[in-house]
Amino acid sequence: MRESKVLIEIVEEIARYTRQIDELEMLKMVELIQNASKIFVVGAGRSGFCARAFSNRLMHLGKQTFFVGEPTTPSIGEGDLLIIGSGSGETESLKVMAEKAARIGADVATVTIFPEATIGKLAKAAICIPGGTPKSERKDSVKSVQPMGNLFEQLSWIVYDGLIKMLMKEDNILEDEMFKRHANLE
Ligand SMILES: O=C([C@H](O)CO)[C@H](O)[C@H](O)COP(=O)(O)O
């Protein structure tokens, strides 16, 4: 057996930058989730894979949750929440969705590297994650040992899992209850 230097380098980077994520902003997101009628989650590409996994856990918590783009996703309205995972905060289709949701009277929240970008400006909670992105003309917030948006995507997955743990504690939801809601047609 030989430990992998590559894996250790990645995990150490994740641990180092996790410390720069503001828990107060996570608490704001928890409050928005608790107060929302319906929760819509969206993200593109790899950021979208992480956001999609988050929507699955929100469903397990018993929240009325929809991943945007599915044929079963209804219209968003006042009192609803749109959570956007976007490193750059400037992905075209997501900007349009953020603007539309805000216009309609829904709350917008985001997990992003750049809270000052278009999506972050519209957000009531913007969890800022250190990272880089090939998309933004803004300077990456950190120099990562990994390519493209990897660090953002990994940290966003951890942030989403952290939010779920916070919601479990706040709303007193046990894992057994969550598992009962897990898909039985798989
Ligand atoms: O898939 C992606 C790319 O591989 C970056 O690592 C991005 O997640 C996708 O392009 C969405 O971009 P953002 O909205 O800026 O996260």
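The values are calculated or read from the model by the stated rules, or taken from the named source; none is laboratory data. A quick note: this is a predicted structure, and the numbers were derived from the prediction, not measured. Every residue, glycine among them, receives a Cβ derived from its backbone with ideal geometry; neighbour counts consider all protein chains shown. Calculation scope for accessible area: heavy atoms of the full protein, side chains included, ligands and nucleic acids excluded. Shrake-Rupley method; radii C 1.70, N 1.55, O 1.52, S 1.80 Å.
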Exposure of MET168 as accessible area (Å², to 10), given a probe of 1.4 Å and all protein chains: 50 Å²
Per residue value of the accessible surface for the chain (all protein chains in place, 1.4 Å probe), Å²: 57 Å²
Order by protection proxy (mean Cβ within 10 Å, highest first), peptides 94-105, 71-82: 94-105, 71-82
Phi to ³J(HN,Hα) by Karplus 6.51 cos²θ - 1.76 cosθ + 1.60 over segment 70-80, Hz, x for Gly, Pro: 6, x, 8, 7, x, 7, 8, x, 4, x, 8
Lys/Arg +1, Asp/Glu -1 at C-beta; the chain dipole; positive extreme among LEU151, VAL108, MET59: LEU151
Coarse-grained scattering of segment 1-75 at q = 0.13, 0.28 Å⁻¹, given as base-10 log I(q)/I(0) from a Debye sum over alpha-carbon atoms: -0.57, -1.26
Cα coordinate range in segment 114-186, projected on the principal axes (Å, largest first): 45, 28, 21
Assigned charges on the beta-carbon of Lys, Arg, Asp, Glu; segment 5-178 dipole about Cα centre (debye): 400 debye
Surface share of carbon and sulfur [accessible, 1.4 angstrom probe, percent] for the chain: 54 percent
Cα-Cα over 25 Å, subset of LYS95/LYS169; LYS28/LYS100; LYS38/LYS180; LYS38/LYS139; LYS124/LYS180; LYS5/LYS143: LYS95/LYS169; LYS38/LYS139; LYS124/LYS180
Cα centroid separation, segment 1-53 to segment 70-84 (Å): 21 Å
Per-residue SASA entry for LYS63, accessible area with 1.4 Å probe, Å² rounded to 10: 50 Å²
Accessible area (Å², 1.4 Å probe, nearest 10) - CYS50: 10 Å²
Two-site label geometry, GLU3 and MET166: point separation in nm, points 7 Å out along Cα→Cβ: 3.1 nm
Interchain or long-range residues, amide H under 5 Å from PHE40's placed H: PHE66, LEU81, LEU82, ILE83
Gained length - LEU27 relative to ALA15, 0.36 nm times residue gap less alpha-carbon distance: 2.3 nm
Segment 36-83, dipole about Cα centre (Lys/Arg Cβ +1, Asp/Glu Cβ -1), debye to the nearest 20: 220 debye
Gaussian network model of the chain, Cα within-10 Å springs - most flexible of SER37, SER93, SER55: SER93
GNM result for the chain, Cα springs below 10 Å: residue of ILE158, ILE119, ILE39 fluctuating most strongly: ILE158
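Sort GLU13, GLU3 from largest to smallest accessible area, using a 1.4 Å probe on the heavy atoms of the protein chains.
Heavy-atom accessible area, descending, gives GLU3, GLU13.
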